[in-house]
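These notes are about the structure you will find just below.
The values are calculated or read from the model by the stated rules, or taken from the named source; none is laboratory data. Just so it is clear, the model here is predicted, and its values are computed rather than measured. Neighbour counts run over all protein chains shown; Cβ positions are idealised from the backbone, glycine included.
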Amino acid sequence: MTDIFTQCFTLVIGHEGGFDTTAADPGNWTGGIIGVGKLRGTNWGISAGAYPNLDIATLTLAAAQAIYHADYWGRLQADSLPPALALLVFDAGVNNGVGQAIHWLQTAAGTPSDGVLGPATLAAVAQVDVHSLCAEFQAQRLTAMASLPGWRVFGLGWARRLCQLPYQSLTLEHPNA
């Protein structure tokens, strides 16, 4: 696992926290909808909605890290992104889904949003100023999240998270810098 991944994982886990079974959170239900399936909760950001067959309550931090690396970091090709952007895209992938994170990245980079993070998207990302790209990515994400039905309940916490991330990206230690 890359050093940047480890740093980003530590920051994202700080937002996700430990075990929670809030019934008002659709991700805590194995069906991904409030009241559908079993209320198994979320642990380390790994939700029953996304992993309905996983024993969420006993999930270890090490197991969560392996899931984050394989199912989020790897699928988002985050090692191919500038570290600050990698943190934002990775966090969005964990919190909002990989497909949604790719959509926001493509929109921010000015490429067609086909949901495929391939060479065309990565080439477009390389052509845009990283600070402008990060700001646009966050703007796309904030606008979308503010329109979610859960915003009334969880919005202040989500907004804090979105506002903290750019500052946290400044703490990333860049290898070979």
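Details
- Output for segment 95-139, where each listed residue is assigned to a helix (DSSP H, G or I) and acidic (Asp, Glu): Glu136
- Qualifying residues in segment 43-61 (those that are in a loop (DSSP other than H, G, I, E, B) and under 17 Å from the mean Cα position of the chain (by Cα)) - the one nearest to Ile33 (Cα to Cα): Gly49
- In segment 1-33, of all residues being in contact with a helix residue (DSSP H, G or I) (Cβ under 9 Å, 6 or more places away or on another chain), at pLDDT 90 or above and among the aliphatic types (A, V, I, L, M), the one that is surrounded by the most Cβ atoms within 10 Å (Cβ to Cβ) corresponds to Val12.
- Residue tally, condition of a type in the set (D, E, K, R) and buried (at least 23 other Cβ atoms within 10 Å of the Cβ), over segment 84-118: 1
- Selection count where residues are within 20 Å of His69 (Cα to Cα) and in contact with a Ser or Thr (Cβ under 9 Å, 6 or more places away or on another chain), scope segment 105-139: 3
- Among the residues of segment 72-94, those that are part of a loop (DSSP other than H, G, I, E, B) and either within 17 Å of Glu136 (Cα to Cα) or touching a strand residue (DSSP E or B) at 6+ places or on another chain (Cβ under 7 Å) (or both) comprise Leu81, Pro82.
- Segment 140-168, residues that are in contact (Cβ under 8 Å) with a residue 40 or more places away in the chain, of a type outside the set (Phe, Trp, Tyr) and either closer than 28 Å to Ala23 by Cα or not in a helix (DSSP H, G or I) (or both): Arg141, Ala144, Met145, Gly150, Val153, Arg161, Gln164, Leu165
- Val125 being farther than 30 Å from Asp25 by Cβ, touching a residue at least 40 places away in the same chain (Cβ under 8 Å), surrounded by fewer than 21 Cβ atoms within 10 Å (Cβ to Cβ) and β-branched (Val, Ile, Thr): no
- Filtered residue count, segment 130-155, keeping only those that are among the hydroxyl-bearing types (Ser, Thr, Tyr) and under 16 Å from the mean Cα position of the chain (by Cα): 1
- Here is the figure for segment 32-42: residues that are under 20 Å from Ala66 (Cα atoms) and assigned to a strand (DSSP E or B) total 1.
- Some residue of segment 50-65 being surrounded by 15 or more Cβ atoms within 10 Å (Cβ to Cβ) and of a type in the set (Asp, Glu): no
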